[in-house]
Amino acid sequence: MKRKSFFPSPFFAVLSLLLGLLCLAPPALSQPRPAYGDYREVPGVTSSDIMGIEAVKAARERFVYGMGRTNETFVEEDGRIGGFSRYFCEWLSDFFGIPFEPKLYRLTDLEGGIETGEIDFSGAYSDTRERRDRYFTAGPIAKRPVLRFRVKSGMDPKRVARWRRIHYGFMSGFGTAELLEATAHDPFEAHFYEKREGAIEALDSGAIDAFVMDTRARPLFDGRDDIVEELFFPLTYSQVAIVTSQPELEPFIRVVGKFLASGGAPLLAEMYTRGELDYKRTRLRHALNDDERAYVGERARSGSVIPVVMEHENYPICFFNERSGEWQGIAVDVLREIQAISGLEFEPVEGVDYGSGNVAETLSTERAVMISELLFTNRRRGRFLWADHPYAQDNYALISLIDREPVGVDEVPDLKVGVIRGSAYEDIFRTCFPDTEPVLVNSRTDGFDRLDAREIDLFMGSGNILFDATNHMERPDFKMNYVFDIVCESTFAFGAGESLLRGIVSKTQRLVNVENIAKTWRYRTFDYRRLAIQTFRPYLITAIALLSMILAAVLMLFAKNRRIRADLEHKVEERTDELQRLTVAANAAANAKSEFLSRISREMCRPLDAITTMSEDIRAAGNVPDRKKIAERIDRASKHLQNVIDDILEMSQIESGSQKAIKSEFEVAEMLGNISAIADYLAAERSQCVLLSVAPDVPKRIVGDESHIAQVVANLLSNAFKFAPPGSDIRLDVSRTGEGDDAHDMLLRFAVHDQGTSMSQDDLDRLIQTIDEDRAKQRADRRTTGTGLPISIKLVAAMDGTFQAEADPDGTTFSFVVPVEAIAEKEEPAPEAQPSDDGDVRRLLVADDVDINREIVEAYLEDLPFSIDFAENGREAVDLFERSPDAYDLILMDIQMPEMNGLDATLAIRALDTPRAKTVPILAMTANVFDEDIEKYLAAGMNDHIGKPVDPAELMQKLAKHFATK
């Protein structure tokens, strides 16, 4: 039996915690870096090493340290070699007491120079097994991060990896590809180039998706604004070694290795950092024009500083940390880097209350010439200058308390919205909601206080402002309720006459890794516990004394409570068992939901990525016919995506068994053509081909559920693309398989065959049965189907059809049979009725609260004889009709509108005491077109409906229909 302690363990846990907090000490300082003035002082150096080195020094005057032209070795303005190689050679010279002279070579000549002995030492190569076998090596003397360079207009390799292997370019002999094979998450195909020019040409032509190399590749892309430089993730480093091929120089290599082993690596890391800074300074001097160089020189000679207006409370952009007593933030760190590279000195201006009016006044009096951040608005245009590029980006947003339900943009005018007075947030809010007066607050702290007190409903700000509250202010009770599709760019701003300073800062900022600085701040968390403990240490001592006095009373009560605790423990055990059972059930439900959402995401990504890629193609298309073809493909892809979304929205009806087939007349060839437009494009990604076969006895026009037939065919093709091998054929066969009771009724069979890994017929039968019984468990041993197959089975059942899967040695065939009705071909179709054929101008009333929807209807009807009046809500539509009831021939009515919705507006019009109110055609114009929605529209007195997004052909057809019946 387990023995129980007499003393309550919770009490001692609290006591130990308090004592531990009192004993907290500052972290130990890092150990000092070893400083050896002479190589003989390095631990482990033997007499044999010393004899070998001194013998070489007696016979030689100097050593040649050969390097290629990179960011580590370059020519400065005075003609000297600069960068890490220079600092490393200076250290080697002092360390060994003999000059090491850096010298530039072509990369193609380096290896030959090392082999012949023309080059004594080199630090140009990575430390690989091959080089250790050929040369004497020691390292690492430097760690170069691996970078990825890609064309800005090209596709991100992460997106490329969704469809195929990424094509990376590498320099031959550098060992970078071997490093990535062990670390890269996404599969890639390596292309090797002997010369840098060949790699750059392949990148520009699109033969490779990205060029991968360490930091030595940066000079290749100097001045190329169209190139994106990215750190390769997961972070990978190329370890650099110092090498020689001469046996008599091996003692030098051994001693360098012992120096590194004894803790000398940080010294070389400092040299590398200094060399990288020199490289950036050299690049900047080449980028500046004569006037800008003169400006920098004059500032350096006079020792004058540049006064900058800094924001006290704009975390994480710029703020004054009262606890540490220093300026911090993204802008501060970027400005610090700019100062180190350019040589300019920046100093915060004291006593300036940040605000647009005060900033303008300060810049006009030259108290300051620069601002840490000023968001661009039209009101500020012409009064300030902005740097070429932002150093951070965010989105404007409406912030609320965490318990408020999400609000729609149409609800904002009815709520109290706080906005910082005179800020860019006020300008943006008044632009988005010109008829709504905000509640002006003095600062973000004031705004959060009023939001917390529920004096306002929403607070206009951004993601950074919310991050300030939840992280820096430690106020976690807020959230972003609505995010605008408007980007706010954090940018340095300048007085109107500071064009030279603006140019210098803009060019220097390009050399700063602002993205890494911004990420560092966004992932930073604040923990003030240590400072709080030091402040309240006396109070903690008093608290411990009081707790000690209470200990006696606690011990007396403890014995009495032991029996009660035993009873409680028994009850807790029972409750724990019950909670575990409930947790298992909840986890199962959560896993099923996650699996379903994952499948939905994949189904929507295919047409969405096709639309995105074809949009890029249309921008690159040189002539109008090509653009028209691509635009037609985009339209087809959009319709396919709309069908996927419709199926998702109808999922509840499918599961409940209330899904109904919607029959309409359509052409089989046109439906298959729309599917082929998407299928051919997706098949081309894997070099596959779709073979379409339609039997001769299949009628041209039929009556059936076109939308669901097309969706099932598209789902089966999509499933085939995933499992058929690249380069294979996928066959789509359409045939007539039987007759119904009526002479015009028949059965059509649609079959998709792929050459993928075949399943046994028993496995296929179990797969179909499992999906039919429980969609949350739809998985097989060798193939999975996403959401396509479960949805397809349900849709076929809703059309009174049958679904089948067949296995054969060549692959797998999924097919379905549905009943349809054949339509006899018409010899000469009658012309469509036009909205107006008598030359009269028809007058329409269009009610919709969204500007773009009204503009679309106006654009579709601008060439026809219509006069259109617009209403922005249901109340306005009723008022317009009541004033002139006989003036309108037809009303297009949106459903979801502020003040009065479309259904209430229709009821109000029909209730008016005028004959025309009873007969005027009213058409619902809405995206909600389920059967129950349509029944509501008709019950309210509407005559018909038009779906959104509005199709011009459907609009013309509905107008012609109701004008013909007028």
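Within the range 52-66, restricting attention to residues that are surrounded by 20 or more Cβ atoms within 10 Å (Cβ to Cβ) and of a type outside the set (S, T, Y), the residue that is farthest from P219 (Cα to Cα) is I53.
Listed conditions (1) at pLDDT 85 or above; (2) closer than 30 Å to A908 by Cα; (3) open to solvent by less than 20 Å² (accessible area, probe 1.4 Å) are all met by S815, apart from (2).
Sub-7 Å Cβ pairs linking a first residue in the range 838-866 that is under 18 Å from L880 (Cα atoms) and without any contact (Cβ under 8 Å) to a residue 60 or more places away in the chain to a second residue that is open to solvent by 80 Å² or more (accessible area, probe 1.4 Å) and outside any strand (DSSP E or B), at least 6 apart or interchain, are F866/V841, ordered by first then second residue. Quick one: would you say E858 is open to solvent by 70 Å² or more (accessible area, probe 1.4 Å), of a type outside the set (A, V, I, L, M, F, W, C) and at pLDDT 85 or above? It is true that E858 is open to solvent by 70 Å² or more (accessible area, probe 1.4 Å), of a type outside the set (A, V, I, L, M, F, W, C) and at pLDDT 85 or above. For the range 863-871, does any single residue satisfy the condition of being among the hydroxyl-bearing types (S, T, Y) and within 30 Å of V412 (Cβ to Cβ)? No.
Within the range 309-353, the set of residues being among the acidic types (D, E) and in a strand (DSSP E or B) comprises E313, E326, E347.
When E373, E426 are screened for being at negative phi, acidic (D, E) and modelled with pLDDT under 90, only E373 passes. Applying a threshold of 8 Å to beta carbon distances and a minimum spacing of six or more residues, or different chains, the list of pairs starting in the range 413-429 at a residue that is closer than 18 Å to R450 by Cα and ending at one that is open to solvent by less than 30 Å² (accessible area, probe 1.4 Å) and acidic (D, E) reads V419/E426; I420/E426.
To keep it simple, each residue is scored yes or no on (1) farther than 28 Å from F221 by Cα; (2) not aromatic (F, W, Y).
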| position | (1), (2) |
| --- | --- |
| R69 | no, yes |
| Y87 | no, no |
| F96 | yes, no |
| A124 | no, yes |
| T137 | yes, yes |
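Given the structure, is E932 among the acidic types (D, E) and under 37 Å from the mean Cα position of the chain (by Cα)? Considered against the rule, which asks whether it is among the acidic types (D, E) and under 37 Å from the mean Cα position of the chain (by Cα), E932 comes out as no.
Taken as a whole, the condition of being closer than 21 Å to E855 by Cα, aliphatic (A, V, I, L, M) and in contact (Cβ under 8 Å) with a residue 60 or more places away in the chain does not apply to L923.
Within the range 469-485, is there a residue that is touching a residue at least 40 places away in the same chain (Cβ under 8 Å), among the hydrophobic types (A, V, I, L, M, F, W, C) and in contact with a Cys (Cβ under 8 Å, 6 or more places away or on another chain)? So far as the range 469-485 goes, yes, one or more of its residues are touching a residue at least 40 places away in the same chain (Cβ under 8 Å), among the hydrophobic types (A, V, I, L, M, F, W, C) and in contact with a Cys (Cβ under 8 Å, 6 or more places away or on another chain). Criterion applied to G422, G382 was being in contact with a helix residue (DSSP H, G or I) (Cβ under 8 Å, 6 or more places away or on another chain), surrounded by fewer than 21 Cβ atoms within 10 Å (Cβ to Cβ) and not in a strand (DSSP E or B), and the one residue passing it is G422.
In the range 48-74, the residues that are of a type in the set (V, I, T) form Cβ pairs under 8 Å with partners that are assigned to a strand (DSSP E or B) and open to solvent by 50 Å² or more (accessible area, probe 1.4 Å), at six or more places apart or across chains, as follows: V64/E101; V64/K103. R162 meets the conditions (1) in a loop (DSSP other than H, G, I, E, B); (2) closer than 16 Å to R148 by Cβ in every case but one. The failed one is (2).
For (1) in contact with a strand residue (DSSP E or B) (Cβ under 6 Å, 6 or more places away or on another chain); (2) open to solvent by 10 Å² or more (accessible area, probe 1.4 Å); (3) assigned to a strand (DSSP E or B), each residue gets a yes or a no:
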residue	(1), (2), (3)
R450	yes, yes, no
R454	no, yes, no
G461	yes, no, yes
F467	no, yes, no
D485	no, yes, yes
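The conditions of being modelled with pLDDT under 70 and in a helix (DSSP H, G or I) are met by L531. Those strands (runs of 3 or more DSSP E) of the range 187-245 in which at least 2 residues are open to solvent by less than 70 Å² (accessible area, probe 1.4 Å) and at pLDDT 90 or above, considering only elements entirely within it, cover 188-193, 210-214, 237-244.
Meeting the requirement of 3 or more residues that are out of contact with any strand residue (DSSP E or B) (no Cβ under 6 Å at 6 or more places or on another chain), open to solvent by 40 Å² or more (accessible area, probe 1.4 Å) and basic (K, R), the helices (runs of 4 or more DSSP H) wholly within the range 67-156 are 129-134. Is it true that some residue in the range 255-271 is closer than 15 Å to Q339 by Cα and not hydrophobic (A, V, I, L, M, F, W, C)? No, there is no match, as no residue in the range 255-271 is closer than 15 Å to Q339 by Cα and not hydrophobic (A, V, I, L, M, F, W, C). Contact map, the range 682-694: first residue hydrophobic (A, V, I, L, M, F, W, C), second residue open to solvent by 70 Å² or more (accessible area, probe 1.4 Å), Cβ cut-off under 7 Å, separation 6 or more or different chains; pairs are V690/D680; L691/R731.
The values are calculated or read from the model by the stated rules, or taken from the named source; none is laboratory data. Model, not experiment: these values are computed from the prediction. Cβ coordinates were reconstructed from backbone atoms using ideal geometry, including for glycine residues, and neighbour counts include every protein chain displayed. In case anyone asks, the SASA skips ligands and DNA or RNA and just uses the protein heavy atoms, side chains included. Shrake-Rupley method; radii C 1.70, N 1.55, O 1.52, S 1.80 Å.
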